[in-house]
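Inspection log for the structure reproduced underneath, given as structure tokens.
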């Protein structure tokens, strides 16, 4: 095997030590983010975490995460029962040639072929029933596929099983063979990310994701009120923004027109069918709100006791172009 054990399963129970070690390299769950296939984070947000500029969100107590932790041994046993393959826990491993390449392996499947050890890995997932279609037929979510390829890259192994329990009762398993072409692309992307961005200090490209938006707000909290002159390229971004907003305004108007036409056809009916498409326009009770201005004026003590101040934010605006006179 091309990887060595650097943290045992028992040592990984120290959550803070495990988190610190994860910052010292790139793991399987980072692969999807670096390749742009993780819907929850982005290369920029990941860079912020790896360079210590922001602490990663502690999701360990979230119900879905806790469920995954508690169900993992059950899914592993289910896999063994269905396949007859023995599985064993291993811990966190590190590639011997590239120390930044980490692999937090759920299970290894020891085996022998022609008298030689031929281990294969097992990745365990749990998800809700709404995600079942992501696993239909031969499908595997892109970020999980890349996670398994990363593990094969780090360990040198030739294949990886992935087992998923969907909605607590739908068990599925899939075998993912090693894809050397994908691994070469993954290696180049991860190497650039680690050496150029994490170690080298360069800033990763900015993308359109919500994760990057939030990471930028964390990195630049603001407070400097003196105006600065932006480089020439900023003018191009402003022009692009103007064009995108004009298109959005036109699209929003078109969407509203189409919705209004359908509403007129439905009249007082709350449900309608247009071929195979179902349309609903249902009556709902009015939302109850509190007149905060009246509450503050008439009941200041209650206001002070109940008010909740959110995290400071920065509001981004681009002033409209001045009209020529």
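Since every read-out is calculated from the coordinates, none of them should be taken as a lab result. Keep in mind the model is a prediction, meaning the values are calculated, not measured. All Cβ positions, glycine included, derive from the backbone under ideal geometry; neighbour counts span all protein chains shown.
Residue 224 to residue 54: FRET efficiency via 1/(1 + (r/R0)^6), r the Cβ-Cβ distance, R0 22 Å, to the nearest 0.05? That pair, residue 224 with residue 54, gives E of 0.65. Quick one: angle between helix 142-155 and the longest Cα principal axis of the chain, in degrees between 0 and 90, rounded to 10, please. Long axis of 142-155 versus the principal axis of the chain: about 30 degrees. Rounded to the nearest angstrom and listed largest first, the equivalent-ellipsoid semi-axes of segment 269-323 from its Cα gyration tensor are 39, 27, 12. Quick one: angle between helix 233-266 and the longest Cα principal axis of the chain, in degrees between 0 and 90, rounded to 10, please. Once rounded, one gets 80 degrees.
Note on the chain: Rg/Rh from C-alpha atoms, Kirkwood Rh, equals 1.06.
Based only on Cα atoms, what mean projected area does the convex hull of segment 142-210 have, in nm²?
Averaged projected hull area, Cα only: 6.7 nm².
For the pair segment 209-240 / segment 255-275, the C-alpha centres are spaced 41 Å from each other.
Please work out, to two decimal places, the log10 of the ratio I(q)/I(0) at q = 0.14, 0.17, 0.18, 0.19 Å⁻¹ from a Debye calculation in which every Cα of segment 71-226 carries one identical scatterer. Normalising to I(0) and taking log10 leaves -0.85, -1.10, -1.18, -1.24. Here's the picture: a label point sits 7 Å out from the Cα of residue 316 along the beta-carbon direction, and within segment 194-223 the residues with their amide nitrogen under 18 Å of it are 203-223.
By the Kirkwood approach, averaging reciprocal distances over each pair of separate Cα atoms, segment 181-325 gets a hydrodynamic radius of 22.6 Å.
Using C-alpha pairs under 8 Å with a sequence gap of at least 6, the mean separation divided by the residue count of the chain gives a relative contact order of 18 percent. Quick one: go through segment 307-322 and flag any residue whose amide nitrogen is under 12 Å from the point 7 Å out along the Cα-to-Cβ line of residue 295. Inside the label zone: 307-309. Where the alpha-carbon atoms of segment 1-94 are placed on the principal axes, they occupy 44, 31, 27 Å, in descending order.
Enclosing the Cα atoms of segment 209-257 in their convex hull gives a volume equal to 130 cubic angstrom per residue.
Relative to the longest principal axis of the Cα atoms of the chain, helix 210-219 runs at roughly 80 degrees. As a rough footprinting exposure proxy, the listed residues 214, 49 were ranked by other beta carbons within 10 Å of their own, and the order from fewest upward is 214, 49. With 0.36 nm allotted per residue and the present C-alpha distance subtracted, the residue 248-residue 131 stretch has 39.1 nm of extension available. Give me the distance between the Cα centres of segment 160-200 and segment 39-92, rounded to whole Å. Their Cα centres are 13 Å away from one another.
Three principal axis extents of segment 55-139 based on alpha-carbon atoms, in descending order, are 44, 36, 24 Å.
In the chain, what percentage of the DSSP-assigned beta bridges are antiparallel, given to the nearest 5?
Values: 26 of 34 bridges.
The antiparallel fraction comes to roughly 75 percent.
In terms of other Cβ atoms within 10 Å, 37, 144 run from fewest to most in the order 37, 144.
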